[in-house]
Structure formats: structure tokens, C-alpha cells
Amino acid sequence: MTSVPTHAPSISDWHQSAASLCLAGQYAQALSIVRPMLEPHAVLTGSALAEALNLAAVCSLGLGQLEDAQAYWRQAIEIRPDFVDAYNNLGMLLKGLGCLPEAESLYRQLLSIRPDLAEASNNLGTVLYDLGRLHDAEAAYRYALALRANYTQAHYNLGIVLYDLRRLDEAESAYRQALLLSPDSGAYNNLGNVLKELGRLPEAEAAYRQALVLKPQYAEALNNLANVLKELGRLPEAELACRMALSIRPDYAEAHLNLGALMGALDRLPEAEASYRQALAFRSDYAEAHYNLGIVLHTLCRLPEAEIAYRQALLISPEIVEAHNNLGNVLWALRRSREAVVSYRQALALRPELAEGHHNLGNVLKELGYLSDAEAAFRRALAIRAGYHDAKVSLATLLLSMGEFEEGWQFYDSRYDQPQFIHHQTQSLLPCPRWRGEALAGKSLLVWQEDGLGDMIQFGRYFPLLKAQGAVHIAFACAPALHRLFAAVEGVDAVLDHETALVRAPRYDYWTSPMSAPLHLRTTMDAVPGAIRLTPDSLLVDYWRMRLAALPSSPKIGLVWKGNPKHHNDANRSLPSLATLAPLWSVPGVSFVSLQKGQGEEEGQSPPAGQPLLHLGTDLNDFADTAAVIGELDLVICVDTSAAHIAGSLGTPCWVLLPREDIDWRWMREREDSPWYPHTLRLFRQTADENWSTAVERVRRACIAAFSSRSHSPAG
């Protein structure tokens, strides 16, 4: 039998067979066909061998054999120096491996051979971008577009680099050109980012929504849409978009972060905390999530946890200026003032023009007693931001506490420029002009209470002086608790409630606050007007004298141990409880009267055993009653509250317990007396290392010294 000869397959046949397997992802089978053709005895040469090497490289890449892939492509280029596919493929592999300088060199080599290749220039641009050489990348993309004006990917890539260069208008143009050539979800998403930064939020929203039309499961576009909706104030829609992004990608840390910010904006702080913690569960080194978590914990007054969160953010990203500043705020709230100073200084080292940092530093330096440094910090904050109202008020109170009245009153008037202050609301509310020192002769003046009850008593001393300016009618709009007291005050023609005064306001020539009078009447430390002259109603005096007759005929001391709980510094200025004053009960030959109303009143009604106390506070209807009682006492011992101003105005000796932290400016600095009540008040300041018990012990010893004989009255 004669055998039938077989024929070897042609080169094109095996190449087509191997290429088909490669395209099908069957890399091992494809490579098994190609490798024999690469043997030295194989018949392939020239371009055919280069093609085989390129195919072998592609298969090796598919199998994860990266070193083999590199070697094959390098051989292909050596055999065929103008082999474009081999250059591009090897360049992309080198880029993916992070071998960026080699990739750049390869693409430049290709362009030197084929300067007309737009793809090579575009690919070179992507390598230069990854190298951080943005201007070189831009040049490469523009060269690619000069070669091929309708090159969609180059327009898109140019948009990316222009965005990073903050040339947003040009980036917008590049993305729009890419979209004209080929609508693409990524280009719409990036265009939305550009429009958002340009402040064109409705257009940004439309771009993100177009991206979602093309790709409904596009988590990044949903997350970006949520950000725009948040800025547009459409928080429920923003929340929905964020949650949709997370339903697509539950591990999307950035979307968890944004959802946390939304929950914070909606005041749903526990949910905000949960979102930030979820972001950190997926990305533990997410500095911004640690920082935002710190803000939430700080707001929730969980200060030690907030400190940990801020420190973790800074451990990851020490350059976050706001985290240094906020850590300082936490440390200050924890009364770790010197550590707070360090944090504020670190923030300012990174950003010297951070006005908030200078202001915060000034506040802590003031508490530490470095007054000139605090003043310099406040002034620096104002030099950076002239309209920084918080810094103006802080500088004002510092200057006033230092006796620098002339400049202090001027800065203090800036409280009317601060939107969150009630003073700003008042000038929007009242229809008549605010008095700014104009002549009052023949004018009517509405004096409007904006501040505390004690403030009104302290600054009520200005009514006679305003009247002396020639005002024909002065009305005082104040809280009901002050009505009877001020009805008999010199210079007050009418006492009104705020509602009635508001109706009548158009009839007045001007309005002012009692606390603005020192500015316009030019009060200095050397010329503080005398206290308001209070004249308790004789019938009230008789009534309360009868109530006090229940006590022995010994010296009588009035007590107030707590102030208004709404006061910003009440946690420091109020005593923990009536029990804190227990040592006073050992003072012989005196009786005690409780004037406490509101917070702490129940303690006065049921004092601890062994603390004899006549409680009158509950029965005091207003300050007219309080004045009638205090006028019959030998001494008042109180915290920083309105009772001190009534006693000081009546001439009744008064000892005021002042906290070591955030002392009100009116009590000045390091003084035991007060220029506002020079012969009446004595100040017992809590020192830096002193608790209330130690301060009360000093008061107890002073009581024993003052009342050592029944005929001896305490000095003011």
C-alpha cells in the first residue's frame, strides 16, 4: 500500500490558530503552539518571528508570566525596531509594573521612529501623568491631538491633567470635546467634578445624572451626585444617592464618609458616627474619616474619644491643619491648656494665615495668664481677617478685663456684627435707629435688654447719665423679673415688656443696650459711674424683715451657690451643690439664708442634716423681692450671678466666689475688689491648683475674722 504524504501547516495557519486561542483566553494552548515556532531550528525570521514573539508575550501576560512577556516583547523590538504593537504593549506592561522611567524611554524611542503615532504620544502622556509631570503630560496629549483631532481618549486624558492643574475651564472644554466624539459615563462623571468645583451645581448634577443614564450602576457617579445634592441643600435626595452607591459597592469607603457627613448635616450624629466607623472598617488608614469621626465625637462631648480620633488622623496625615486645630479645642475643653497650645502652634506652623488658630491660641494663652501674648494672637487673627467677629469680641473682653476700656468698648460693640449673637438679631428686629452716640437732647430713647439680668443691674447705672444727656423720655424694655426693681430707678420713665416695646419702637428716635452706654459715654477705668441706686419698696422690706425675724438676732448671711444653667460657663462658675458650702456652718454666731432660685433651689428647701438654713429663694417673685431681702442682710456670699450686682448696688457687703476658668471680664484680673462696686464686693478667686473646697475654706476663715464679735460687720 502506498502511504499518503502529509503537509506541514503554513505559517499563517498556525498563527491564526494560536491567535484565535489567545483571543478566547486559552493562553496556555496558544502558547504551546507558538513556542515551537520560536525554537532556533524553526523557519520563522524577520517580521514573522517578531509577530510570533508578540503573540507569545500576550499569552505570557495572560498567564501572569510577566518576566517572559517582557523578554518576548524586547526580542520582538530588537528584531523589528518599528514594531508599534510591541512598543505599546511593553510600555503598558512597564507602566503597570511601576517602571515608569523605562516606560517613558520606550515611548519616546517609539516616537523617534514613528513621530506620527498619536497613540504613542497619548500613552506617553499617561506615563508622564503617573510620574507627576503634569505639564509634560499635557504637552504629550496635545501632541496626540495635533496628530488626530478626533482622538477621544486623548481629549479625556487632557481633561484629567487640566483638572489636576486647576485649569478648570480648559478641563471642562476637554471633557466636552471628548463627549462630542463619544458619549461616555466616565467623561460625564469627570465633567460633573469640574462643574462642581466651578460652582455650577445644577450643571454638575445634570452631568452626573447623564453618567448614570449611560451606566446606572455607577457607584462613583452616585456618590458625587450625593455631594452636589448636599451642597444644593437637598439632603434627603443626597442621602438616597449615597445609600444607592453603597448598595452597589458596600465597601466604598468614600461613600460611607459622605453618608457620615450627610448624617451630621441632618443632626443624626449616632448615624454619622456609624458611617465613619464603617468607612474605617474598609479603609483603616482613611485620615479624613478619622478626622470627621473626631468632629462627631467632639460634638457629642465624648472628648477623650475625639482626641483619639484626631490623633489617629494626624498619625496618618500630619499635614491636616484642621485636625491640629480641633485637637487643640478638645485639649482645651479637657483643661489640658498647655497641650492645647502645642496643637494650635502646630496648626499655625502649617498654615500661618489660619485666623481661627490664632484666635483659639489667644483664648488659651489668656486662660494661662499670658495676657500680652493672648492680645497679640487676637490681633494677628484680626490682621488676617478683619471681619472676624469672634476675635473682636475676644479681644474686647480681654482689653476690658485689663482695664483698657477705651479700645475695649469699641471692639465690644462688634457683637452687633455677629449673626449668631442675639445682638445682631435685635438690630434687625427694631425699626428705629441704633444709638451710636448722637446728641440726645429732646430725643426719646428705647433701652432694650439683650443680656443677662445681672448685666442689666450692673449697667443700669447709665440711666441717670443718659437722662442727663437731655433725653426727654427713656423706656426700658426688660424681663418681667426686673420690672418692679427698675420702676423706681432714676432716669427710667417707663418700664415695658419686650412685646409692648416692639410695638411702640417706631415712636422712638433711637434704641440702645445698657451695655453699649459705656462706649458712647466714654467710660474709662478712672471714671466708672457709681452703681445704680436701688430703693427697695418699704412694704416689701417690712414683709421680708418679718420673714427674717424667724432667725436669731445674729448677723445674717445670704447664700447663692448656682447660677443660670444656660450660661456658657455655668459648669465652672456654679458650685457642685449646697454641700460645698458645708464648712461655713461651723462659723459661730451667724445665721444663713438661701436666696437660691431655679437650679439648686430644691437643695435650699431640704438642706442636709446639720446645715441650718432659712430658705427664701422659692418665695422670691422677682428682683424687687430679692433686693428687699438682701438689703436686710449683713453679707451675701455667692457665685458669679445677679445677686452680686444687687448686693453691690444696695451697698450690702458681698463676697463672690470666682472660678479659675473663663472668669467673666467684668471682674478684671488678679484683683480682690471691683471698680464697679469699689466698697462693697470682695472677690475670692479659685487659684489654678485649687478646688472649690479650698476656696470655700478661705471664705470660712474670712467669715470667722469678720464676725469675731457680733458688733463687727464684714468689710466689702
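The values are calculated or read from the model by the stated rules, or taken from the named source; none is laboratory data. Because the structure is predicted, anything quoted here is derived from the model rather than measured. In this analysis, Cβ positions are derived from the backbone assuming ideal geometry, glycine residues included, and neighbour counts consider all displayed protein chains.
Is there a residue in region 394-411 that is touching a strand residue (DSSP E or B) at 6+ places or on another chain (Cβ under 9 Å) and of a type outside the set (Gly, Ala, Ser)?
For region 394-411, residues touching a strand residue (DSSP E or B) at 6+ places or on another chain (Cβ under 9 Å) and of a type outside the set (Gly, Ala, Ser): absent.
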Seminar exercise, completed: Of the conditions (1) touching a residue at least 60 places away in the same chain (Cβ under 8 Å); (2) assigned to a helix (DSSP H, G or I), the single one that Trp511 does not satisfy is (2)
For this session: Return the total of residues in region 424-443 being within 12 Å of Thr512 (Cβ to Cβ) and in contact (Cβ under 8 Å) with a residue 12 or more places away in the chain.
Result: 11
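List the helices (runs of 4 or more DSSP H) inside region 17-108, counting only whole elements, that have at least 2 residues being free of Cβ contacts under 8 Å to residues at least 12 places away in the same chain.
By residue number, 27-37, 66-79.
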For this session: Within region 129-150, count every residue that is under 10 Å from Val161 (Cα atoms) and buried (at least 20 other Cβ atoms within 10 Å of the Cβ).
Result: 4
For this session: Within region 255-274, work out how many residues are in a helix (DSSP H, G or I) and either buried (at least 21 other Cβ atoms within 10 Å of the Cβ) or at positive phi (or both).
Result: 11
Exercise. Inside region 333-354, can you point out the residues that are assigned to a helix (DSSP H, G or I) and either crowded, with 20+ Cβ neighbours inside 10 Å or touching a strand residue (DSSP E or B) at 6+ places or on another chain (Cβ under 8 Å) (or both)?
Worked result: Ala340, Val341, Ser343, Tyr344, Ala347, Leu348
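Matching residues to (1) out of contact with any Leu (no Cβ under 6 Å at 6 or more places or on another chain); (2) within 18 Å of Gly454 (Cβ to Cβ); (3) not hydroxyl-bearing (Ser, Thr, Tyr):
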position: Ser538; (1), (2), (3): yes, no, no
position: Val541; (1), (2), (3): yes, no, yes
position: Trp544; (1), (2), (3): yes, no, yes
position: Pro555; (1), (2), (3): yes, no, yes
position: Leu559; (1), (2), (3): yes, yes, yes
position: Lys562; (1), (2), (3): yes, yes, yes
position: Asp570; (1), (2), (3): yes, yes, yes
position: Leu575; (1), (2), (3): yes, yes, yes
position: Thr580; (1), (2), (3): yes, no, no
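Determine which member of the set Leu482, Leu465, Leu519, Leu502 is farther than 24 Å from Ser428 by Cβ and touching a residue at least 60 places away in the same chain (Cβ under 8 Å).
After applying the criteria, what remains is Leu465.
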Exercise. Can you name the condition, by its number, that Pro552 falls short on among (1) out of contact with any Pro (no Cβ under 8 Å at 6 or more places or on another chain); (2) under 29 Å from Glu406 (Cβ atoms); (3) not basic (Lys, Arg)?
Worked result: (2)
Exercise. Considering region 514-555 alone, what residues qualify as being within 18 Å of Trp409 (Cβ to Cβ) and in a loop (DSSP other than H, G, I, E, B)?
Worked result: Leu521, Arg522, Thr523, Thr524, Val528, Pro529
Seminar exercise, completed: If you go through Arg507, Arg484, Arg434, the only one that is surrounded by fewer than 21 Cβ atoms within 10 Å (Cβ to Cβ), basic (Lys, Arg), closer than 30 Å to Val560 by Cβ and not assigned by TED's automatic domain parsing to the domain that holds Ser674 is Arg484
Seminar exercise, completed: Counted residues in region 340-376 being charged (D, E, K, R), out of contact with any Gly (no Cβ under 8 Å at 6 or more places or on another chain) and under 18 Å from Leu314 (Cβ atoms) come to 2
Exercise. Does Gly617 fit the bill of being more than 39 Å from the chain's Cα centre (by Cα) and surrounded by fewer than 19 Cβ atoms within 10 Å (Cβ to Cβ)?
Worked result: no
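Only one residue in Asn363, Asn325 is under 30 Å from Arg277 (Cα atoms) and assigned to a helix (DSSP H, G or I). Which one?
Just a single option satisfies the conditions, and that option is Asn325.
Do we find a residue being among the hydroxyl-bearing types (Ser, Thr, Tyr) and touching an Asp or Glu at 6+ places or on another chain (Cβ under 7 Å) anywhere in region 118-136?
No, the conditions are met nowhere in region 118-136.
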For this session: Test Tyr252 against the stated conditions and say whether it is among the hydroxyl-bearing types (Ser, Thr, Tyr), over 30 Å from Leu124 (Cα atoms) and surrounded by 18 or more Cβ atoms within 10 Å (Cβ to Cβ).
Result: yes
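Tell me the helices (runs of 4 or more DSSP H) entirely within region 598-716 that contain at least 1 residues that are within 30 Å of Gly530 (Cα to Cα) and either among the aliphatic types (A, V, I, L, M) or in contact (Cβ under 8 Å) with a residue 24 or more places away in the chain (or both).
Values: elements: 601-605, 623-630, 642-650, 692-706.
Per the criteria, 623-630, 642-650, 692-706.
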Problem set entry | Extreme residue, farthest from Glu254 (Cα to Cα), among residues of region 279-314 that are buried (at least 23 other Cβ atoms within 10 Å of the Cβ) and among the small types (Gly, Ala, Ser) | Ala306
Problem set entry | Condition check for Glu499: in contact with a His (Cβ under 6 Å, 6 or more places away or on another chain), acidic (Asp, Glu) and farther than 20 Å from Leu650 by Cβ | no
